[in-house]
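To keep things clear, I will list the structure first and then write my remarks on it.
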Amino acid sequence: MSQTKEKSKRRFTTQIMTAAFMLSSSFSLGKRSPGERVKTKNKKLKQLLCIIGMYGMILPIIYGTAKIMGESPEPSPAVQQSQQNTIQEALQAQIRGYELVLQREPDNLTALEGLANTKMQVKDYAGAIVILENLVKQYPERSDLATRLAEAKQRVGQK
């Protein structure tokens, strides 16, 4: 961020210097009366001051907006806790739904996989291991189930 500010400052300084140079070079010392030269100088000086004033008003707005856009607000601990509780409630509801399906259809592969995955998400690794061991016995060709079982066993070992 500091490099961007530094570049912006250099660009602003360069623009001001360019405007000042253009202003000073536009004063001709030709055959004008002293009154005309003063009027021209005053007009150019007003233009320069107007440009500087506009940059002075616009740049803080741009920097402020850039600073606001660059920041990501952190949710408060209460909001984080509420979000976590909502996620846990949704996962528990999924578990209840899978269990209801399994009461009607105990061999439903989709429900068994879903239940095992959801139990992993709520960190009920022991429950997931029981389901995954039965699935691996029933479907030994499914390497993804064996991988998931190994992951659950590893997570139990880390607890």
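The values are calculated or read from the model by the stated rules, or taken from the named source; none is laboratory data. Note that the structure is a prediction, hence the values are computed from the model and not measured. Reconstructed Cβ throughout: ideal geometry from the backbone, glycine too, with neighbour counts over all protein chains shown.
Is there a residue being among the polar types (S, T, N, Q), free of Cβ contacts under 8 Å to residues at least 24 places away in the same chain and not in a helix (DSSP H, G or I) anywhere in segment 146-158? The answer is no, given that none of the residues of segment 146-158 is among the polar types (S, T, N, Q), free of Cβ contacts under 8 Å to residues at least 24 places away in the same chain and not in a helix (DSSP H, G or I).
When restricted to residues that are at pLDDT below 75 and of a type in the set (Val, Ile, Thr), segment 66-109 contains 2.
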